[in-house]
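Here is the structure we will look at.
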Amino acid sequence: GPRPQKGARGLRFTPVPPNTRDAVTVPDGYRQNVVIRWGEPILRGAPAFDPERQSAKAQAGQFGYNCDFLALLPLKGERNRQLLVANHEYTDEILMFRDYDPENPTREQVEIAWAAHGLAVVAVEEEHRSGRLTAVGRHHLNRRLTATSEFRLTGPVAGSDLVKTSADPTGTRVLGTLNNCSGGTTPWGTTLHGEENFNQYFANGGRATDKRYGIGTGATERKWERFDKRFDLAQEPNEVHRFGWVVELDPYDPDSTPRKHTALGRFKHEAATVRLTHDGRPVVYSGDDERFDYFYKFVSSKRMRHGSGRAVREHNLSLLDEGTLYVAKLTGDSPAGDIDGTGKLPNDGEFDGSGEWIPLATATAHGAVSHVEGMTAEEVFVFTRLAGDKAGATKMDRPEDIEPNPVTGKVYVALTNNSNRGVGSHPKADEANPRHANKHGHVLELTERFNRPESTRFAWSLFLVAGDPQDPATYFAGFPKDAVSPISCPDNVAFDTHGNLWISTDGSALGSHDGLFGVATRGERRGELKQFLTVPTGAETCGPVVQDRRVLVAVQHPGEVDGATVARPASTWPDGPGSYVRPAVVAVWRADGRDIGV
Ligand code: FEO
Ligand code: CA
Ligand code: CA
Ligand code: CA
């Protein structure tokens, strides 16, 4: 086992030094294994992975591509087993196919890509007397949902004219989920999945609303519109309004149709995470990952019920259909002249201030009400970014994951970077986004008034201003900077049972690979950030799940480096030279079997 280390409880490990190895590296005394890779069969009848003979039918029964959000849920009555739920955000055809011609994808290649998107549910089992975690093939709860599976639109937009198409005149039945990035686990045993960069799949946009969502005017890079007209806005203008939602999946019911909850608004949802009010109503936080976009919360008007009967489950699956959607506005407490765009701390010693949740629209059982002048409630929910613009919300540096700390209730927002802040005519630095051309990002800590998640007022401060700690424009909650790991581009966040914040990164601008970091949020070690692992060449660290005895990460897009192809791989992780690079889930545990970091 590892030698005893100083640090906050849960973070007593030797930090992993920054590196550029084509490997997952973990602290001394820790072990790892690959739990499941892209292409491993999980459903009955699915064949073993054979990248030279891949088919859409095979892929639909196999683990998908580019795993992102992960949840590990209990499996009652099954010893040493848990249920893994994973997002498959997107595909990288150049690394999936030996003969891919980006100008002329084949129908089979496109259909494989559809089958490699979506969600996966797969039982996992801990090997007897080792920390290894392996997938259980053909478990009755194993499931794949893809870009062609059936989903149901629920909430205030279901049935609206804005979401009707020629294939679905009811405006309630959608085929597929796309670009599921991060997500969340609910207290009632379901999972939430954010549909993020859905704009890239749709061709021939042109309306002002399309433009605000980054939907291009010509062909798409993927060219799916050649194979299914619903991806061509010139032919199906409303199909794009059926993506960009938060999906809820009941992973314990393999026959259930997952829902797209329209009351949570439509934008590039990075994640959706839940905290309950004292009277049992869920509050869901969600960020919109775009430069100068907003973060939001939804406060349900319905209370969660306890129990596992069908009526209780049905009730809980409707919790996110009624309530109010809010957007965040932040005001700094230092004079504007104190914020010069370099990241220098203001004279009061902190980037901090107060904030307001501005209501945008309320959905009820009897209809929906808009709180934004000039927009109907349906428009607010479908064109939520425009509602945020009108409400005067604060333009942030790419809000990625946002999550409440289950121990303290404080909410953490990862702001990954913003190359355009203060550049040209773009908005200048403010106290909540204090660096121009922000390369390394920051993490905001938000305290709801009276620590109640439904409050409409909050206080905030920057918890971390990321970068090389030797760079004066960095800040680690006031902790001495000679004792912390360098970090760049915070993306996904998670918490352990001690209330420590775990942060994974995407696109480190420090010349080393991305990784996973733990940092104390309380006590005298608050701000002591330590790197726990690094990921292979070209990969982003996703997922993270931190249990007492195990850490799980999704290694997303390994080998994604300009110019890399199957024939010229930048990475051959996890199986080494001569093999296809494969996105995969990795488990890490202590060799001596004790808890992580104690
Ligand atoms: Fe898919 Fe914002 O990361
Ligand atoms: Ca201040
Ligand atoms: Ca992300
Ligand atoms: Ca990201």
Next item on the list: Would you check if there is a residue in the stretch 302-317 being within 28 Å of D168 (Cα to Cα), part of a loop (DSSP other than H, G, I, E, B) and not aromatic (F, W, Y)?
Entry: yes
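Can you spot a residue in the stretch 192-205 that is more than 29 Å from I402 (Cβ to Cβ) and touching a strand residue (DSSP E or B) at 6+ places or on another chain (Cβ under 6 Å)?
Start the filter on the stretch 192-205 by keeping residues that are more than 29 Å from I402 (Cβ to Cβ), which leaves 203-204.
Within this subset, residues satisfying the condition of being touching a strand residue (DSSP E or B) at 6+ places or on another chain (Cβ under 6 Å) are 203-204.
Within the stretch 192-205, one or more residues are more than 29 Å from I402 (Cβ to Cβ) and touching a strand residue (DSSP E or B) at 6+ places or on another chain (Cβ under 6 Å).
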Margin query: From the list P251, P282, exactly one residue is away from ligand 1 (no atom under 16 Å from the Cβ), in contact with a helix residue (DSSP H, G or I) (Cβ under 6 Å, 6 or more places away or on another chain) and either within 30 Å of P472 (Cβ to Cβ) or not hydrophobic (A, V, I, L, M, F, W, C) (or both). Which is it?
Written below: P282
Check: Quick check, is V122 over 29 Å from E225 (Cα atoms), at pLDDT 95 or above, among the β-branched types (V, I, T) and under 21 Å from the mean Cα position of the chain (by Cα)?
Finding: yes
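If only one of T220, T262, T273, T186 is closer than 23 Å to T172 by Cα and not acidic (D, E), which one is it?
Numbers: T220 fails: closer than 23 Å to T172 by Cα; T273 fails: closer than 23 Å to T172 by Cα; T186 fails: closer than 23 Å to T172 by Cα.
Among T220, T262, T273, T186, only T262 is closer than 23 Å to T172 by Cα and not acidic (D, E).
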Margin query: Every residue in the stretch 519-576 that is of a type in the set (S, T, N, Q), closer than 21 Å to T20 by Cβ and either more than 16 Å from ligand 3 (Cβ to nearest atom) or in contact with a Phe, Trp or Tyr (Cβ under 6 Å, 6 or more places away or on another chain) (or both), please.
Written below: Q531, T534, T537, T565, S571, T572
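Could we say that R107 is within 26 Å of L75 (Cα to Cα), touching a residue at least 60 places away in the same chain (Cβ under 8 Å) and not β-branched (V, I, T) here?
Details: within 26 Å of L75 (Cα to Cα): no; touching a residue at least 60 places away in the same chain (Cβ under 8 Å): yes; not β-branched (V, I, T): yes.
No.
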Checklist line | Residue check for F298: more than 16 Å from ligand 3 (Cβ to nearest atom), surrounded by 19 or more Cβ atoms within 10 Å (Cβ to Cβ), under 30 Å from Y475 (Cα atoms) and not charged (D, E, K, R) | finding: no
Next item on the list: May I ask you to verify whether A368 is in contact (Cβ under 8 Å) with a residue 60 or more places away in the chain, more than 16 Å from ligand 4 (Cβ to nearest atom), over 27 Å from the mean Cα position of the chain (by Cα) and not in a loop (DSSP other than H, G, I, E, B)?
Entry: yes
Margin query: of a type in the set (D, E) and either more than 26 Å from K268 (Cα to Cα) or within 16 Å of ligand 2 (Cβ to nearest atom) (or both): which single residue out of E93, E78 fits that description?
Written below: E78
Next item on the list: Grab the helices (runs of 4 or more DSSP H) fully contained in the stretch 43-116, keeping just those with 2 or more residues being among the small types (G, A, S) and on the phi < 0 side of the Ramachandran plot.
Entry: 56-59, 107-116
Item checked: Search result, residues across the stretch 263-289 that are over 18 Å from the mean Cα position of the chain (by Cα) and of a type in the set (S, T, Y) -> T277
Next item on the list: Enumerate the pairs (first residue in the stretch 401-425 and more than 20 Å from C542 (Cα to Cα) and part of a loop (DSSP other than H, G, I, E, B); second residue anywhere and within 16 Å of ligand 3 (Cβ to nearest atom) and of a type in the set (D, E)) with beta-carbon separation below 7 Å, excluding pairs fewer than 6 apart on the same chain, so at least 6 apart or on different chains.
Entry: R421/D397
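Here is a list: R435, R385. Which entry is among the basic types (K, R), buried (at least 24 other Cβ atoms within 10 Å of the Cβ) and more than 16 Å from ligand 4 (Cβ to nearest atom)? Before the answer, list the steps.
On the way: R385 fails: buried (at least 24 other Cβ atoms within 10 Å of the Cβ).
Exactly one residue qualifies, and that residue is R435.
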Check: When you scan the stretch 180-199, how many residues do you find that are within 16 Å of ligand 4 (Cβ to nearest atom) and either in a loop (DSSP other than H, G, I, E, B) or free of Cβ contacts under 8 Å to residues at least 60 places away in the same chain (or both)?
Finding: 2
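Table: residues versus (1) in contact with a helix residue (DSSP H, G or I) (Cβ under 9 Å, 6 or more places away or on another chain); (2) outside any loop (DSSP other than H, G, I, E, B); (3) modelled with pLDDT of 95 or more; (4) away from ligand 2 (no atom under 16 Å from the Cβ).
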site: T447; (1), (2), (3), (4): no, yes, yes, no
site: F450; (1), (2), (3), (4): no, yes, yes, yes
site: F458; (1), (2), (3), (4): yes, yes, yes, no
site: L462; (1), (2), (3), (4): no, yes, yes, no
site: G478; (1), (2), (3), (4): no, no, yes, no
Next item on the list: Would you check if A147 is touching a Phe, Trp or Tyr at 6+ places or on another chain (Cβ under 7 Å), in a loop (DSSP other than H, G, I, E, B) and aliphatic (A, V, I, L, M)?
Entry: yes
Checklist line | E40 being over 29 Å from I503 (Cβ atoms), more than 16 Å from ligand 4 (Cβ to nearest atom) and either surrounded by 14 or more Cβ atoms within 10 Å (Cβ to Cβ) or free of Cβ contacts under 8 Å to residues at least 24 places away in the same chain (or both) | finding: no
Check: Which ones in the stretch 403-419 are within 16 Å of ligand 1 (Cβ to nearest atom) and in contact with a Lys or Arg (Cβ under 8 Å, 6 or more places away or on another chain)?
Finding: L415, T416, N417, N418, S419
Check: Name the residues in the stretch 567-598 that are within 27 Å of the chain's Cα centre (by Cα) and aliphatic (A, V, I, L, M), would you?
Finding: A570, V581, A584, V585, V586, A587, V588, I596
Checklist line | Filter result (among the hydrophobic types (A, V, I, L, M, F, W, C), under 30 Å from T384 (Cα atoms) and either within 16 Å of ligand 2 (Cβ to nearest atom) or not in a strand (DSSP E or B) (or both)) within the stretch 337-365 | finding: I339, F351, A365
Checklist line | Residue that is nearest to L533 (Cα to Cα), among those in the stretch 446-470 that are free of Cβ contacts under 8 Å to residues at least 60 places away in the same chain and among the acidic types (D, E) | finding: D468
Item checked: Residue match in the stretch 422-430 (condition: at pLDDT 95 or above, within 16 Å of ligand 2 (Cβ to nearest atom) and either touching a helix residue (DSSP H, G or I) at 6+ places or on another chain (Cβ under 8 Å) or not small (G, A, S) (or both)) -> yes
Margin query: Being away from ligand 2 (no atom under 16 Å from the Cβ), within 23 Å of A123 (Cα to Cα), of a type in the set (D, E) and surrounded by fewer than 24 Cβ atoms within 10 Å (Cβ to Cβ): is that true of D228 here?
Written below: no
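The values are calculated or read from the model by the stated rules, or taken from the named source; none is laboratory data. Nothing here was measured: the structure is a model prediction, and the numbers come from that model. Glycine gets a Cβ as well: all are built from the backbone with ideal geometry, and neighbour counts include every protein chain shown.
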